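These notes concern the structure reproduced below.
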Amino acid sequence: MMRVSDLAIVRGGVPLLAGLSFAVEPGSALILRGPNGIGKTTLLRTLAGLQPPAAGQIEVPEDSVAYASHADGIKGQLSVVENLNFWARVYGMADVTDAVLERFALQDLRARAAATLSAGQKRRLGLARLAVIGRKILLLDEPTVSLDTASVGRFASFLQDHLDAGGSAVIATHIDLGFTATVLELAPYKLDAPALTASDFDEAFL
Amino acid sequence: MIALLRRDLALAVRAGGGFGLALVFFLIVVTLVPFAVGPGQVQLAAIAPGILWLGALLACLLSLDRILALDYEDGALELIATAPLPLEAVAAVKALAHWLTTGLPLVLVAPVLGILLNLPGPGYLWVVVSLAIGTPALSAIGTFGAALTVGLKRGGLLLSLIVLPLYVPTLIFGAEVARRGALGQPLETPLMLLAGITLASVALLPFASAAALRVNLR
């Protein structure tokens, strides 16, 4: 479904990873592992098309990828349902159903303004977006941050159903989500970036 | 696209959306002018079209950095950029939403404020016409400036510096249409030029805005 060959990524002019090749088949998940700063987020942003790769190819079917970043993109003045319906309509999908709200335990919060939600509730709302936009390949950046154990369980079961339905996922996470997935250790692909000298910062001001 | 427009309009009119900001600023500027320059009727009538245009332009400028910065800060802009909407359309919709929530109300209150400035009788029509034709250019240019500065902390200053020179042609021809209208002089030429600036801005700048957004979202 997603095929990546000889990919190299760059963050702010600093090369991070090179020589990455992997494939994600329908129904399978790939978990990215590596210490902070190795380039998990940059890799996911590159896969999502937000930045061009420095080298290599990414082959994905058109209109199949959904990206979920650290930030949830929630509008505080809109209610939970309005937030979800906005994303559903942007992707040309039907409005959010009660089943989705229950799945993410948002049914009692549906009319609440999103600004009044707790951090974990906001995260659940951000993740529920993935359920209403109908994309096959999910690119998830630390999806379980600020979730409690029960919510992690809910999200893992959502992901499992997504995979069983022929979807796939690339996930940067440090915790065990409790389903079988290939683990990609990023450390071997790390490039030893030359230490920045003070003069390198001039670039930012040109 | 319609979903994005409706969301932006809903956000603008709800609490904290800044819908009234430009309008109130416009009102304050125009109300204070007679106090500053004196209540002489001849004097006020002479400067009324220019003051109305200048007030509308500055009021427009005030709300520009909200066009994209809010979506950038909460991560929504990245998610919109990965959604199946062309970024050019996103930029165009953002400009349209800004015009509907800022430019259009300014056009509608301008004749009321014209009374405060002793605007001559024939001027009312032409102030409204010139603002209605000119303010879409202000929104399109402003969206381009907002796209250029979207990733910057406190980008408002830079945004103003970038956008103000680009606003000058619109201001010159817009105020000229209003001035000639108030004096009953022929105004076809500045009106055509004003319309030309607006059409070119609305047609071309969404592409420039989208290109700037792509670079800034990297």
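Only the coordinates and a few stated rules stand behind these numbers; no lab work does. Note that the coordinates shown come from a computational prediction; the quantities given were computed from them, not determined experimentally. Cβ placement follows ideal geometry from the backbone for every residue including glycine, while neighbour counts extend to all protein chains displayed.
Scanning the stretch A:1-19 for residues that are under 17 Å from B:Arg218 (Cα atoms) and in a strand (DSSP E or B) yields a count of 9. Within the stretch A:27-53, restricting attention to residues that are among the polar types (S, T, N, Q) and closer than 17 Å to A:Val14 by Cα, the residue that is nearest to the chain's Cα centre (by Cα) is A:Thr41.
Taking the stretch A:20-129 as the region of interest, the helices (runs of 4 or more DSSP H) fully inside it that hold 1 or more residues being within 11 Å of chain B (Cβ to nearest Cβ), surrounded by 14 or more Cβ atoms within 10 Å (Cβ to Cβ) and of a type in the set (Lys, Arg) are A:40-48, A:80-90. Looking at B:Leu52, B:Leu68, B:Leu79, just one residue is in a helix (DSSP H, G or I), without any contact (Cβ under 8 Å) to a residue 12 or more places away in the chain and surrounded by 23 or more Cβ atoms within 10 Å (Cβ to Cβ), and that residue is B:Leu79.
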